[in-house]
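Written below as structure tokens is the structure these notes are about.
No value in this document is a laboratory result; all are computed from the given coordinates. Every value quoted in this text rests on a predicted model; they were computed, and no experiment measured them. Counting neighbours? That spans all protein chains shown, and the Cβs are built from the backbone with ideal geometry, glycine included.
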Amino acid sequence: DAGITQSPRHKVTETGTPVTLRCHQTENHRYMYWYRQDPGHGLRLIHYSYGVKDTDKGEVSDGYSVSRSKTEDFLLTLESATSSQTSVYFCAISAGKLGTEAFFGQGTRLTVV
Amino acid sequence: GDSVTQMEGPVTLSEEACLTINCTYTATGYPSLFWYVQYPGEGLQLLLKATKADDKGSNKGFEATYRKETTSFHLEKGSVQVSDSAVYFCALSGLRDDKIIFGKGTRLHILP
């Protein structure tokens, strides 16, 4: 199994509070991604990174920010959590070369009350 | 931009039935194509992939053929098992920026 760890695995937080989710990899892969999974919407890309300090927005980036100060860590921050951000969040990594697949973490279930 | 469209579920079949989950894509050039599977409470894992036209990916009895002429990558299995119950995602990796784009997923229920 690819070395990818998400923390925390579960979190309940209050509306308006900041929340940071962490993704840690031991594969030295160039690309890291944050997705959210919601019923009826499948997987939607929030942000992704193609190198240290190199990040870009996905299709649902509003209300989220990311940082990647080291190859192995990719942080997702909800600046002021809202109930619409209740979801399951998945981190993924890939080498980024054509034809290589992504490897996924186990997911973080976030509930905003 | 690049996109993936897959049939909506849920799909319910009896054990030993034949399975086809349709997937079509829109992309520039020749993307790589993937099928991922997600079992309950778990993350996604790669089921199979194909990197060029006419390639056939296969794993665990599942197959999918990269059809450039119809921009399709349909997932097939000749005889499904209860243990195949899961959500299946079609995905592509484009040429322009290596982002992986997913379809919305198809939930599969197999009845004993």
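For chain A, what value does the Rg/Rh ratio take when both radii are computed over Cα atoms and Rh is the Kirkwood radius, given to two decimals? Write down the numbers at each step before the final one.
Details: Rg = 13.2 Å, Rh = 13.9 Å.
Result for chain A is an Rg/Rh of 0.95.
Search the structure for amide H atoms under 5 Å from the amide H of B:VAL11, placed 1.01 Å from N in the peptide plane, and list their residues when 5 or more places away or on another chain.
Amide H neighbours of B:VAL11, under 5 Å, 5+ apart: B:ARG107, B:LEU108, B:HIS109.
Stokes-Einstein D for the protein assembly as shown at 37 °C, 0.692 mPa s, Kirkwood Rh over Cα pairs, in µm²/s?
183 µm²/s
Can you list the aspartates and glutamates whose alpha carbon is less than 18 Å from that of B:LYS56, not counting same-chain residues fewer than 8 positions off?
Qualifying aspartates and glutamates at Cα under 18 Å: A:GLU101, B:GLU69, B:GLU76.
Could you give each residue of the range B:26-37 its phi-based ³J(HN,Hα) in whole Hz, using Karplus coefficients 6.51, -1.76, 1.60 with θ = phi - 60°, and x for Gly or Pro?
For the range B:26-37, the Karplus-derived couplings read 10, 7, 7, x, 10, x, 8, 10, 9, 10, 10, 10 Hz, x marking Gly and Pro.
Ranking request for peptides B:106-112, B:65-71: highest mean number of other beta-carbon atoms within 10 Å first, then the rest in descending order.
Taking the mean over residues of other Cβ atoms within 10 Å, the ranking is B:106-112, B:65-71.
Give me, ordered by chain and number, the residues 5 or more places off B:LEU47 or on other chains with an amide H under 5 Å from its own placed amide H.
When sequence neighbours closer than 5 places are left aside, the close amide H contacts are B:TRP35, B:TYR36, B:VAL37.
Taking a 32 Å limit on the Cα-Cα distance, which of the listed pairs A:LYS53/B:LYS68; B:LYS77/B:LYS104; A:LYS70/B:LYS77; B:LYS52/B:LYS77 fall beyond it?
Details: A:LYS53/B:LYS68 36 Å; B:LYS77/B:LYS104 20 Å; A:LYS70/B:LYS77 42 Å; B:LYS52/B:LYS77 21 Å.
Going by Cα-Cα distance, A:LYS53/B:LYS68; A:LYS70/B:LYS77 fall outside the 32 Å limit.
Obtain the nm distance between the two label points defined at B:ASN22 and A:THR17 by a simple spin-label model: each point lies 7 Å from its Cα along the Cα-to-C-beta direction.
Taking the two extended label points, one gets 4.7 nm.
Run the reach check for A:LYS57 against aspartates and glutamates, Cα to Cα strictly under 18 Å, same-chain hits fewer than 8 apart removed. What comes back?
A:LYS57 reaches A:ASP73, A:GLU79, B:ASP2, B:ASP97, B:ASP98.
Any chance you could list P(r) for chain B, counting all Cα-Cα pairs in 5 angstrom bins from zero, rounded to whole %?
Values per bin, smallest distances first: 2, 13, 24, 26, 18, 10, 5, 2, 0.
Have a look at the DSSP beta bridges in chain B and tell me what percent are antiparallel, nearest 5.
90 percent
Taking Cα pairs under 8 Å and at least six residues apart, what relative contact order does chain A come out at, in percent?
So the answer I get is 35 percent.
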